[in-house]
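Heads up, the thing below is written out as structure tokens.
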Amino acid sequence: MWMADAPVILCLVTLPGEGAVNGTIVLDHAILAATSLGYGTCWIGAYDADKVKDVLKIPKDYGIVCLTPVGVPAEYPNERPRKKPAELFMKEQFGSELDYSL
Ligand SMILES: Cc1cc2nc3c(=O)[nH]c(=O)nc-3n(C[C@H](O)[C@H](O)[C@H](O)COP(=O)(O)O)c2cc1C
């Protein structure tokens, strides 16, 4: 229910038969833009698609990929620990170690 406090909730809807890739790029850019303006978001994948379609009057053959609330953050928690770049990136070949000297 915490989402209900947000003044705006974006819902990413895809055309019938279309994949989610282009839409996720759009929403990702919207999230980055909102963040740059000082707003908070949260990628939401846990929802009842049929109920969301009912509320927003989205035709049954359209898809929903995700939602995100957008609003002024209620709190600013410390950043959580992040994986090191060497755990996330590979160079040239899968499984290779990233060489920072290059
Ligand atoms: C595919 C996906 C689905 C998510 N679904 C939910 C969700 O349903 N509810 C929620 O509170 N957060 C959801 N999140 C947000 C994550 O719980 C987490 O807060 C967010 O990815 C930020 O993580 P970070 O602190 O590692 O950057 C989702 C994130 C992703 C990537």
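The values are calculated or read from the model by the stated rules, or taken from the named source; none is laboratory data. Given the structure is predicted, the values throughout are model-derived calculations rather than measurements. When we count neighbours, we look across all protein chains shown, and the Cβ atoms used for this are built from the backbone with ideal geometry, even at glycine. Side chains included, ligands, DNA and RNA excluded: accessible areas come from the protein's heavy atoms. Shrake-Rupley method; radii C 1.70, N 1.55, O 1.52, S 1.80 Å.
Data overview
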| item | result |
| --- | --- |
| First in the range 38-66 and within 13 Å of residue 11 (Cα to Cα) and of a type in the set (Ser, Thr, Tyr), second anywhere and part of a loop (DSSP other than H, G, I, E, B) and within 15 Å of the ligand (Cβ to nearest atom), Cβ under 7 Å, 6 or more apart | none |
| Number of the exception - residue 63 against (1) away from the ligand (no atom under 14 Å from the Cβ); (2) closer than 20 Å to residue 6 by Cα; (3) under 16 Å from the mean Cα position of the chain (by Cα) | (2) |
| Test: residue 86 is more than 15 Å from the ligand (Cβ to nearest atom), at pLDDT below 95, open to solvent by less than 70 Å² (accessible area, probe 1.4 Å) and not in a loop (DSSP other than H, G, I, E, B) | yes |
| So residue 77, is it exposed (fewer than 12 other Cβ atoms within 10 Å of the Cβ), within 14 Å of the ligand (Cβ to nearest atom), in a loop (DSSP other than H, G, I, E, B) and modelled with pLDDT under 95 | yes |
| Matching residues in the range 61-71 - criterion: being surrounded by 10 or more Cβ atoms within 10 Å (Cβ to Cβ) and not polar (S, T, N, Q) | 62, 63, 64, 65, 66, 67, 69, 70, 71 |
| Unique residue being touching a helix residue (DSSP H, G or I) at 6+ places or on another chain (Cβ under 6 Å) and among the aliphatic types (A, V, I, L, M) when the list is 88, 67, 37, 12 | 12 |
| Residues (more than 15 Å from the chain's Cα centre (by Cα) and outside any loop (DSSP other than H, G, I, E, B)) located in the range 37-60 | 49, 50, 51, 52, 53, 54, 55, 56 |
| Residue match in the range 37-51 (condition: among the acidic types (Asp, Glu), surrounded by fewer than 14 Cβ atoms within 10 Å (Cβ to Cβ) and within 12 Å of the ligand (Cβ to nearest atom)) | yes |
